[in-house]
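Encoded as structure tokens, the structure appears first; notes follow it.
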Amino acid sequence: MKFIALVSAVGLAAITGCWPMAATADSPSLDGTAWVLTSLAGRIVSGPLATGRFENGRVHGTDGCNRYSSTYTTKGASIQIGPKGPTTLMACAPEVMKQAEAFAASLAGARTYRVSAGQLQLIGADGAILSTFAAQSQSLAGTSWQATGINNGKGGVASLVADSRVTINFASDGKASGSGGCNTYTSTWKAEGNALAFAPAAATRRMCAAPGVMAQEQAFFKALESVATMRMEGDSLEMRTAQGALAVMLARTPNP
């Protein structure tokens, strides 16, 4: 019976391609971590950022063109990503699509992983490094953003009025400031994990004649007050209500 069990174990190892691996210092749990792609097969990536966030047995993010979601499992340093789940279906420039396909292949081909010095490496069955990621800071302090979509209060998210600019700067002392599109404003913010809340904004009282700008500004201030959670992925920031509705969508900008 012992001989049969040994043969079965050998057969299993042949099927999976490796023996079960014990956890090590360079293969910590990925759950709750977020990453930004820096290289593919040793080549520095360019263009739109690709990201990966590991949560509750799923990895999701953007491949630089489309959003993706997939399952993942780990055992020691072993990792299996897939099968591929739902994705968006945007068409991007050919070079962006090519990089997105290479990124997806690196996820599917990963068999082990390593975390060291703030980097995540996905490694193929032959030991080659398929992709490298840098840890994504989840701190808002010291960051600046520009709104790309604002909840209109009618169950939808509207793009910004043409030639308007709505911004928010997160100071490390808990103050928030920016432009509502017409007036400047100040507020305070408090974050803990993915939870985020703002105090009502105090704004100047300038009147702007451009069509839709004043209504957009009021929708933005109301959306800020509704924020309960946030998710940062690469250069994108989503702020959502307690019910999960998108309140404000933002893109990172250089600090003022």
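Laboratory data are not the source of any read-out in this text; all were calculated from the coordinates shown. Not measured: the values here are computed from a predicted model. Cβ sites come from the backbone with ideal geometry, for glycine too, and all protein chains shown count toward neighbours.
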task: Filter the cross-link list LYS75/LYS98; LYS175/LYS222; LYS154/LYS175 down to pairs whose alpha-carbon distance in this structure exceeds 21 Å.
output: LYS75/LYS98; LYS154/LYS175
message: Compute the angle between helix 213-226 and the longest alpha-carbon principal axis of the chain, please, reported from 0 to 90 degrees and rounded to the nearest 10.
response: 50 degrees
field: Top positive-direction residue, dipole computed over the chain with Cβ charges, set MET232, VAL213, GLY57
entry: GLY57
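Below 8 Å, C-alpha to C-alpha, sequence gap of six or more: please give me the relative contact order for the range 137-256 in percent.
Values: 263 pairs, mean separation 33.5, N = 120.
Relative contact order comes out at 28 percent.
At a 10 angstrom cut-off on C-beta neighbours, averaged per residue, how do the peptides 104-115, 155-166 rank from highest to lowest? Intermediate values should be presented prior to the final figure.
On the way: 104-115: 18.9, 155-166: 14.2.
Result, highest mean Cβ count within 10 Å first: 104-115, 155-166.
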- request: Compute the acute angle (0 to 90°) between the alpha-carbon long axis of helix 2-16 and the principal axis of greatest extent of the alpha-carbon atoms of the chain; round to the nearest 10°.
  value: 40 degrees
task: List the relative contact order of the range 22-135 as a percent without decimals, with contacts defined as Cα pairs under 8 Å and 6+ residues apart.
output: 27 percent
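Starting from the Kirkwood Rh over alpha-carbon pairs, what translational D in µm² s⁻¹ does the range 22-135 have by Stokes-Einstein at 37 °C and 0.692 mPa s? Can you show the working numbers first?
Numbers: Rh = 14.0 Å.
It comes out at roughly 235 µm²/s.
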- prompt: In percent, what relative contact order does the chain have, based on Cα pairs under 8 Å that are 6 or more apart in sequence?
  reply: 14 percent
